[in-house]
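The values are calculated or read from the model by the stated rules, or taken from the named source; none is laboratory data. Predicted, not measured: the structure shown is a model, and the values here were computed from it. Ideal geometry is used to build each Cβ from the backbone, glycine not excepted, and the neighbour counts take in all protein chains shown.
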Amino acid sequence: MTHQGYLPLAWCGWQMRIPLDWRPLRVSGNRLKGMMTVGDSTQAHMQIKWLQAKSRGFVFAEWVSRRVATLQRKDKTETELCRLAGTDEPCRIVQSLPIRETSRRCAYAYSREASQVIEVVSFTPFQTRHSCSPKRSQTSVSESSSETLPIQGGAHPLFSLEFSDLHSPTRWAVFDVSFITPTGYDIETHRINLGDMAFRFAHRGGQRLVLRQVYPSETALARREMSKWLDDRPFKEHKLLKCDQIPQTITFDSTGTQGLLRRGRKRLPFPLHSVATRHSISAIAHDTDFSRLLMAEYDSPSSADEEVVLQVMRDMNWHKAKGAGR
């Protein structure tokens with residue numbers, strides 16, 4: 001559910017809430033390692049880096065110490081601890097001294113369930129309840145700020161940080177578009193354009209999932225009908241799609257949202273048409289409540305599972321559903 005004045009930002013297993021006028025400026029990487037720069041129309045406000053930690057032998061405190069040691073080669077630093085909901089150890093907030101508006105502010109958080117480490121480099125103040133005083137000029141650790149600090153007036157998005165379990169479905173949210181991918185899928189590529197957003201995910205078993213939203217739907221349907229949108233592919237492919245049947249009308253959820261579902265097979269052009277055939281299921285629905293065209297395509301070397309497509313269609317725009325999310 002969208003909190004007043006904030007939108008969810010969820011990517012590769014982590015999630016936080018950002019102001020309505022903030023958005024991703026640059027995104028790279030996948031679940032194993034990546035980076036995102038977030039800002040508004042005037043400047044970048046923070047940079048988020050994430051890394052999948054080793055399941056055994058990883059000690060968060062030692063990892064942070066090495067990162068802080070790198071910062072201390074250039075500046076004196078001050079470290080403050082605060083407890084974030086959903087993290088296993090206190091978040092470390094490191095600020096360069098003396099503290100100025102232009103000082104570098106870094107925060108480090110870790111979740112054992114997600115096997116993920118997050119580094120947030122902020123270009124704006126964190127504004128913690130126990131903010132470090134500018135008069136203090138030596139490296140120190142404050143244990144007094146170990147309670148949970150919820151996001152509220154003036155608080156930094158860092159304090160809304162949450163993680164997804166590595167072995168659970170993953171939530172994604174960007175630019176007021178959200179969806180949930182099944183367990184085991186990692187992002188391969190994406191195309192983020194205002195009014196047309198597409199994401200492709202891959203599973204170790206060879207399955208692939210493409211999720212797309214186009215808006216406003218009235219403008220999109222004026223350009224082409226729903227069945228033609230079903231034929232449109234956001235990412236280039238060498239294989240040709242052969243439909244096994246004409247699209248069938250289907251109801252996707254309890255609200256009565258209807259759309260089209262189509263089965264097919266992807267093949268290479270002749271004479272390699274019998275090599276590495278993939279089975280495909282595509283779906284499209286018109287969400288009139290939010291003026292969106294919702295699309296999903298699932299393909300697999302073996303038979304395609306219709307339930308996967310139906311579930312990801314139901315989960316689209318979870319942040320707008322009543323009572324969904326936090």
Of all residues making up the range 1-22, the number that are modelled with pLDDT under 90 and part of a strand (DSSP E or B): 1
Flag for THR42 being farther than 30 Å from ARG204 by Cα and of a type in the set (Val, Ile, Thr): yes
Filter result for ARG200 (in the same structural domain as ASP289 (by TED's automatic domain parsing), surrounded by fewer than 12 Cβ atoms within 10 Å (Cβ to Cβ), of a type in the set (D, E, K, R) and in contact (Cβ under 8 Å) with a residue 12 or more places away in the chain): no
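Within the range 236-257, track down each residue that is closer than 17 Å to ALA198 by Cβ and surrounded by 15 or more Cβ atoms within 10 Å (Cβ to Cβ). Talk me through it step by step, then tell me what you get.
The first filter runs over the range 236-257 and keeps only residues closer than 17 Å to ALA198 by Cβ, leaving 236-237, 241.
Across the range 236-257, the qualifying residue is only LEU241.
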So PRO150, is it modelled with pLDDT under 85, closer than 26 Å to VAL38 by Cα, exposed (fewer than 15 other Cβ atoms within 10 Å of the Cβ) and not aliphatic (A, V, I, L, M): yes
Selection count, the range 193-228, where residues are touching a strand residue (DSSP E or B) at 6+ places or on another chain (Cβ under 8 Å) and in a helix (DSSP H, G or I): 5
Neighbours by Cβ (under 9 Å, 6+ apart or cross-chain): first from the range 284-302, more than 16 Å from PRO182 (Cα to Cα); second in a strand (DSSP E or B) and aromatic (Phe, Trp, Tyr): LEU294/PHE179
Extreme residue, surrounded by the fewest Cβ atoms within 10 Å (Cβ to Cβ), among residues of the range 5-49 that are among the charged types (D, E, K, R) and within 20 Å of SER164 (Cα to Cα): LYS33
Count - residues of the range 192-207 that are modelled with pLDDT of 95 or more and basic (Lys, Arg): 1
Filter pass, ILE187 being more than 17 Å from MET36 (Cα to Cα), part of a strand (DSSP E or B) and of a type outside the set (Lys, Arg): no
Filtered residues of the range 172-196 (kept if touching a His at 6+ places or on another chain (Cβ under 9 Å), closer than 16 Å to LEU310 by Cα and touching a residue at least 40 places away in the same chain (Cβ under 8 Å)): SER178, PRO182
Filter result (of a type in the set (D, E, K, R) and either free of Cβ contacts under 8 Å to residues at least 24 places away in the same chain or on the phi > 0 side of the Ramachandran plot (or both)) within the range 1-52: ASP21, ARG26, LYS33, ASP40
